[in-house]
1. Placing +1 at every Lys and Arg Cβ and -1 at every Asp and Glu Cβ, with all other atoms neutral, what dipole size does chain B have around its Cα centre, in debye to the nearest 20?
2. Working only with C-alpha atoms, what are the Rg and Dmax values of segment B:627-718, expressed in angstrom?
3. Using +1 on the beta carbon of Lys and Arg, -1 on that of Asp and Glu, and nothing else charged, what's the dipole of chain A about the Cα centre, debye to 20?
4. Just to confirm the number: angle between the C-alpha axis of helix B:737-746 and the first principal axis of chain B, 0 to 90 degrees, nearest 10?
5. On C-alpha positions alone, give me the angle between the axis of helix A:158-168 and the longest principal axis of chain A, in degrees, nearest 10.
6. Tell me, what is the FRET efficiency for B:Asn934 and B:Ala832 to the nearest 0.05, using R0 = 60 angstrom and their Cβ-Cβ distance as r?
7. Hey, what number do you get for the protein assembly as shown at 222 nm if only DSSP H runs of n ≥ 4 count, each worth -39500 (n - 2.57), divided across all residues, to the nearest 500?
8. If you count, for every residue in A:152-160, the Cβ atoms of partner chains within 10 Å of its Cβ, what is the mean?
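Derivation of every value follows stated rules applied to the coordinates shown; laboratory data play no part. Being a predicted model, the structure only gives us computed values, none of them experimental. A quick note on method: Cβ atoms are made from the backbone with ideal geometry, for glycine too, and the neighbour counts reach across all protein chains shown.
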Amino acid sequence: MSDAALARISRETGRAMITLRGDLASRPLASAVKRAVGQPVPGPRAILGDDDRAVAWMSPDELLILCPRGEAAGVSAGLSKALQGSFHLVADVSDARAVFRIRGRGWREVLAKLTPADLSPAAFGEGELRRTRLAQVAAAFWTGGRDEATLVCFASVADYVQALLENAARPESAVGVL
Amino acid sequence: MSARLSKGGRLLDRSRAVEFTFNDLRFRGFAGDTLASALLASGQTLLGRSFKYHRPRGVIASGAEEPNALVGLGRGARFEPNQRATTTELFDGLEAESQNHWPSLEFDIGVVNNKLARFLPAGFYYKTFMAPRAAWKHLFEPVIRRSAGLGRAPSSRDADSYEHFHLHVEVLIAGGGIAGLQAALVAGRTGARVLLVEQTAHWGGRAPVDGAVIDGQPADDWISNAVQALEKMENVTLRTRCMLSGVYDHGFALAYERVADHAPGDARPRHRLWKIRARRIITATGALERPLAFAGNDVPGVMLASALRDYLVNWAVSPGDRTVVVTNNDSAYLSAIALKEAGLEVPVILDARAEATGPLAERARELGIRVLAGRGIAAVRGGKRVRAVETCLQAGEGAVLETIACEAVAMSGGWSPVVHLWSHCGGKLDWDEAQAHFRPDPARPPLDHNGEGFVIAVGNADGAMTTGAALESAVAGARAALKAVGKAAGRVAVAKAAAEPAQPMQPVWLMPEGASDARRMKMWLDFQNDVKVSDVQLAAREGYESVEHTKRYTTIGMATDQGKLSNINGLAVLARELNNDIPKVGTTTFRPPYTPISMGSIAGEARGELFQPVRKTPMHGWHEAHGATWEPVGQWRRPYAYPRTGESVSDAVSREVRNAREAVGLLDASTLGKILVKGPDAGRFVDMLYTNMMSTLPVGRCRYGLMCDENGFLMDDGVVARLDEDSWLCHTTTGGAERIHGWMEDWLQCEWWDWKVYTANLTEQFAQVAVVGPKARKLLETLTDMDLSAEALPFMHWADGEIAGVRARVFRISFSGELSYEIAVPGGQGLAFWEALVKAGDAFGAMPYGTEALHVLRAEKGFIMIGDETDGTVIPQDLGLGWAISKKKDDFLGKRAQQRADMVRPDRWRLVGLETLDGGVLPDGAYAVGEGRNDHGQRRTIGRVTSSYRSPTLGRGIALGLVERGPERMGEVLEFPMIDGRRRAMQACIVDPVFYDKDGEKQNV
């Protein structure tokens, strides 16, 4: 891809993802999350953590735990053990997902061509996460810094999403708004 | 002849000549020209032929409202029909062609329709071509379609790219004239997020052409200052060549940006469709001038007075040496004055009003122009161009007073605010008696989710027709929008305009008042669809009293311009004919888009490989590399079969079936839905979802289950495995995974919200492989230490372990009737696992098989397939699945419905096997016929084929079907008439649906 592209698109494979459903207001859940990734339970549409370990709010009763691949089994087991006896669900979904990095100053416009979410800096800043739609498929994304975003989609549509993002990042297609 | 003046043209760059062609003739214009202005400047006044009568037509307007000057633009992969010459920016190498004529624009045989016009009134086609019915398809329709119509459809793939863009703003402003700019200045200064879009390539609208003076400066200066100020505001986005095309519920709006129409092939997307979410929308869309209805008002050379002024001022186009002006209001005087000042002649201004006393009339007289009040045009002389006008008394019947030679006519029937965007989402209109137009009724705006108006009309679009009033209205509108989004406008310096005193206009719907029928047949209302005053009058006489009915009967306002010039005139004529008030008759409904937008912009990126997502399993690449042919299942692509070199697909299917029966086959079953259901109430929940008892399933065991909807119809099936005390894993069909997951969440979130159950769709977490056949166990034993024996892992059990070094869960289930293991492994290791099986399987004759072999295998066993044996009207009892319906449970979804009279009637169509007498294969979907006829006089049907295959195992055709009282009629022979030209019906005997291994010995080993 040309260097003048609005953003560079790359696939990442090192990340594990664990779905955790439960009562997000409960103390055992909060401490289980803290033990797993060192973060408190995030508020709506937020993600806390860094590239290695993070926790994201997915719905009023669902979190997504992110950790390095090698730690997934241990983190899953830890969560299950900590929440034993309480109403919850833990499921490793690492293999069901594909992860993309979108790096470059135009990342907001690349995404804004494909998703109805508001991507203006005022509405979507660091630590914000959106679970939304990317063209015809489901996706979630967040931004950790000024010039990059991370996007998660289902593994089966990874090729489609990659082609979508690369097409939206064509250098001649800058909108010049976001 | 129209021509280019040697001086002037505020939008022209005379230093840059631009070459283009029209009907293969070479023309020359300047940068800044539109196609229309360049053609007029070159003396080309004839641009096309009309839709129905093939009358010669020229440019009548200067913008989006143009009905006549439509051309085919571009060539080959960049050809597009029906493009308005008035909104097409000129570029080097532009190629245009005129439309709707044969053999040529100058000489069109279709014009014979014009001579026959009195025999082709409104409704002619409806009335005439009634019978015989067959003639419609083969005679009338092809001939009519050839003679009526506009451009031809493109035949090549579009060479350009398109895209969408989503933007959220607080204030969206449509229209970059002075009102839009003023509103943007007020809104922008508060820091609100503002988007201002303008459909043309230029800011300022018509104020500069009309000579407005703002804050003591010429409009052009005020506009460029305003744009500069706005460009400095980071919170304001400005966009030209971007038309707000539609306003929808909840502040959603579409804008159509013509990014590269004026620079084709420069690698930018050609069009960009903006999907905007706005808190408030300000429409500053201006107003459109109305034509006058006089005989011959469609002859090339007759133009709207404002358009003629635009061509003169913006593009230095002389419409001809002599222009007659005809009007019912003061604005047309601006055109006369401009012509005179450009050194052109205005032989007369015909003012339909009884007297002409306004300051503009005085100015015209001072310039030496003859102004005649109480006069109109009796008829225009000329065919392909105007030669003269015949004047008459407006109050009379059209006796000719004088014939005045001229090359052009400038007409003005008053102004209509552009209320389209206001109306798209339900905004209502008021009739303004003084200005004789509909304007937005601020008391009845389109409403948002809070019941508050979310569209605010300002400027001309709100009926504020002078410069000063338009600017004041823009400030007020911006204030209202800001208040709604929680921003204070504070003190605003309102731009002040010079006063523009004017004599009131007088509505004129017919010129002259008492025109004869013959004249009315030459008074055009809708130029594009060839609707005349006489057509609307005929419609009224025939009883079409509703404006919506008249529209459809006469086709007024139904062309690509959607009646921008014709609607008000048409309904005024209708009202007059019905002896009713215009507001009582009302308008037709304005619908998006404002002007047509390209199909490409609607599709956006969704073309080619991005047309639809293709879902791929982890083994997709392997299948592709091994020659799989594909079957789309939902958005998945599944291998249909793996034909070898030189092998037909059907031979491959037979080979794959035999190999699974005799050795071992491998199936990629990853697409099957896998939904985890967990929680203290999970057992109760699965008991409600499935017809059979799932809560009692012991841990480690599997059970086949059926899911019905509330109406009792079978909607999905699959094997359920009990994972632990409070977890069940529900397998669904490939196409059902998302739907069933949504179905579960729907019940949990909306109905049984207090049940403690969580679900997770784990479909893609696992790759799943079915190892099927008598050698399946032997093959797997070479790859694992797990005990897969019949004793350790009996039929319908599951176990965890490691196979080929991969963590695996083995389900001992069978959809083929063979010894079979379905093995789930983490998706990321699916390909490695598959390849390990293929490699180890070599020694056992293992082969992959596709979905068609899967179908044949299951049909031989009489297993049903959702979507084949079910179609949304079939209940499990129809399929002999009564054994899977619990009698013990108090309730499950569909239970009550299955007790309805229609569900228990004894003559329902039920599942049977069908064996053809000659061993042939019944066509899928074929119907069996019985005695007698139904209520429609058709042969009564008593059953249909739901699945049909050639069974390689049995060497004959087998089929499953639903037959009236089927299971009670074993051995009966049914007749299936053929529809493929074979005269003889096929005959098949009703048999048991299980064709192979009835006792299930092969899977229980």
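1. Details: 117 positive and 122 negative charges, 361 e Å.
The dipole magnitude comes to about 1740 debye.
2. Rg, Dmax (Cα atoms, Å): 18.5, 57.
3. Working: 22 positive and 20 negative charges, 44 e Å.
It comes to approximately 220 debye.
4. It works out to around 80 degrees.
5. Around 40 degrees separate the two axes.
6. Numbers: r = 58 Å, r/R0 = 0.97.
After rounding, the FRET efficiency stands at 0.55.
7. Values: 29 runs with 250 residues, N = 1183.
Here the helix-only value at 222 nm equals -6000 deg cm²/dmol.
8. On the way: counts 0, 1, 5, 10, 14, 6, 2, 7, 9.
Average neighbour count from other chains, rounded to a whole number: 6.
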